[in-house]
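First the structure, in the form of structure tokens, and then the observations on it.
All of the numbers you see were taken from the coordinates with simple rules; none came from a lab. Values in this document were obtained by computation on a predicted structure and should not be read as measured data. Cβ placement follows ideal geometry from the backbone for every residue including glycine, while neighbour counts extend to all protein chains displayed.
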Amino acid sequence: MPSPPRWKPLALRLWRIALLALAMLAIRRSHPTSTTLPLTVDRIHDFFPTAASLTTQNGMQAVKDSSGITLGHVMQTSPEGDDIIGYSGPTNTLIALDPRGKVLGLRILSSGDTTDHLAEVVRERSFFKQFTNQKAADLASLQPQAVSGATLTSSAIAEGVLRRLGKSATTSLRFPDAITLDEVKKLEPHAASLRDSTAHPGSQEVLDATGTVIALAVRTAPASDGTVGYKGPSDTFMLMDPTGTTLRGIALRRSYDTEQYVGYVTGDPAFLKTFDGMTTEKIAHIDFNAAGVEGVSGATQTSYGIAEGLRLRAGSLLHEEESRRSWWQQLRWRWQDTGHVAILLAAFAMAFTPLRGRPWCRHLHHVLLVIYGGFIAGEMLSQGLLTGWAAHGTPWRNATGLVLLAAVALLGPVFTSKQLYCHHICPHGALQQLLVRRLPWQWSPSKRLDSLLSKLPFALLALVLFSVAYALPVNLNALEPFDAYLFRVAGWASIAIAILGLLLSLFTPLAYCRYGCPTGALFKLLRFTGDADRFGARDWLAALCVTFVLLLAPG
């Protein structure tokens, strides 16, 4: 029998990868890029009982009562946090601030994450309380405590809140006026124009007549808004070198302190030059006593308040520098990611070495998958997870190992002809393997019934595609058993499917894998089985479903 042309296997592989990419595109098109919601007064009454109106102000919304008095401010983490993916999607959180800029509380407005994980976070009230009664500047160094059982979801919510508060920290409610060119010229005579700095939000680059950046104009507000001298906070202009790493000079802009004490400070050139030439790192970690920083005679509290404002702003400049790290420096490697890499290495060993032929080794591998992958790590691939990533993006920064595992699971069947995930990685599949023929009585369906039941996972996979593309009210986690390994977040449907599938596996080997798993069906669609493989009915039906969604789904 003549062998097929060499281009056909490659074409079939590319066809299936393209089909997967088009399905992802169809899902992405049907989901909005921003989760920002219009706010009404009714939604914030629990934070502001006397609220009467909302007015856009300084990148957020001012909350006012019927007399026009500002009660506080509210903001949403969307769109700034839309790229922060939790377990399967981003979360838009409402942040309520009091008039002084302290966090009154948080509330989830909408989420693309799985309902079970989100519900676990909402139940954990202590998670939200760690943000309350703190200002944006105070939260810069906060290491939020994640919620056990919903680590990725809660970590993403926390990161979105911190990012949004960091953006709001570039706007001062007490000192709203930006630095002017005239102010800069007093310290830098060659200044010709200013432009917003992308590297340091809230600051401005100073340009000379030729358009060359010669300095960076920074102010201490709003980092210094909570630092009170004698009677109130002060806003200080900091002239930095072009890189923002060295201070060249300072000038007091405005202060809520007494006029007399402010005059003492501005009239003391020695104090104003105290920090000249210091790096931001030195100022951020300075010990005033050890460094010999002396307050202004007659205005000690006012001058120390200004110095503390400089220290706080230098610290935020360092934080901005860290945020510009390269992509590989942004990875937050977790212990689970190390575990995922270990699982992948073990899977490769079992799939491509003689170890798979040794029963004791195979059984030990299955036991470790169930214990670690299922009950300890609890991060398994599912339709809720994969469709969430297709709609919103992957959490490659926060869950690198899980994303790598998914990449191997999706591409492995295409290029190795092996079901790496189903046979050597999935904890639920491993548990079914351990149950194979443990009872003397076994049941095998007839060929006709087997053929009919084998189509059920593909029907469920089509249901998943249409429900996600058309935003149907289908809980994808309730279609699969994987959440059952995390008892705290699992719904009863997942637990029931898990138990029923395992019971059936006692009588029919791998019953759930063969007759119920839509995620396994996805990997089967992608699998290249060898040179005898060809375009089949599954390929054409899958292409028909994807085409239908691409052409008719809203987007």
Taking the convex hull of Cα positions in the range 225-351, its mean projected area over all directions (nm²):
11.0
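Order the peptides 488-500, 289-301 from the highest to the lowest mean number of other Cβ atoms within 10 Å of their residues. Please list the in-between numbers first.
On the way: 488-500: 17.5, 289-301: 14.6.
Peptide ranking by packing, descending: 488-500, 289-301.
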Solution diffusion estimate, µm²/s, Stokes-Einstein, the range 248-288, Kirkwood Rh from C-alpha pairs, 37 °C, viscosity 0.692 mPa s:
283
Could you derive backbone 3J(HN,Hα) for the range 149-162 from the dihedral phi with the Karplus parameters 6.51, -1.76 and 1.60 (θ = phi - 60°), listing whole Hz in sequence and x where the residue is Gly or Pro?
x, 9, 4, 5, 5, 5, 5, 5, 4, 4, 5, x, 5, 5
Sorted by Cβ density within 10 Å, fewest first, the residues 358, 164
358, 164
Debye, to nearest 20: dipole size of the range 100-152, +1 on Lys, Arg Cβ, -1 on Asp, Glu Cβ
400
Label point distance in nm, residue 448-residue 148, each placed 7 Å from Cα along Cα→Cβ
5.4
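Quickly rank 277-288, 444-455, 532-543 as a protection proxy: mean count of other C-beta atoms within 10 Å, highest first.
277-288, 532-543, 444-455
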Residue 474 paired with residue 287, simple spin-label distance in nm, labels 7 Å along Cα-to-beta-carbon
6.4
Spatially proximal aspartates and glutamates relative to residue 8 (Cα-Cα < 13 Å; intrachain offsets below 8 disregarded):
531, 533
Dimensions in Å of the range 81-133 - Rg and Dmax from alpha carbons:
12.0, 36
Set of aspartates and glutamates with alpha-carbon distance to residue 135 below 12 Å, sequence-local pairs under 8 removed
98, 225
Principal axis lengths of the range 41-168 from Cα atoms, whole Å, largest first?
46, 29, 25
Amide hydrogen neighbours beyond the local backbone of residue 72, cut-off 5 Å, H modeled
63
Based on other C-beta atoms within 10 Å, arrange 121, 549 from fewest to most.
549, 121
Among the aspartates and glutamates, select those whose C-alpha is under 19 Å from the C-alpha of residue 185, and discard any that sit fewer than 8 residues away in the same chain.
177, 196, 205, 208, 235, 241, 276
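Mind sorting 545, 517 by how few other Cβ atoms lie within 10 Å of their own Cβ, fewest first? It would help to have the intermediate numbers written out before the result.
Details: 545 19, 517 29.
Going from least to most buried by this count: 545, 517.
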Jot down the per residue volume, in cubic angstrom and as a whole number, of the convex hull over the alpha-carbon atoms of the chain.
205
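What does the charge count around residue 546 come to, taking other residues whose C-beta lies under 15 Å from its C-beta (Lys +1, Arg +1, Asp -1, Glu -1)?
Working: positive: 16, 28, 29, 538; negative: 539.
Local net charge: +3.
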At the level of C-alpha centres, the distance separating the range 317-390 and the range 477-555, in angstrom, is 21
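Given the -39500 (n - 2.57) contribution per DSSP H run of 4+ residues, what per-residue ellipticity at 222 nm results for the chain, rounded to the nearest 500 deg cm²/dmol?
Details: 22 runs with 241 residues, N = 555.
For the chain, the value works out to -13000 deg cm²/dmol.
Which order do the peptides 62-70, 261-269 take when ranked by the mean count of other beta-carbon atoms within 10 Å per residue, highest first?
261-269, 62-70
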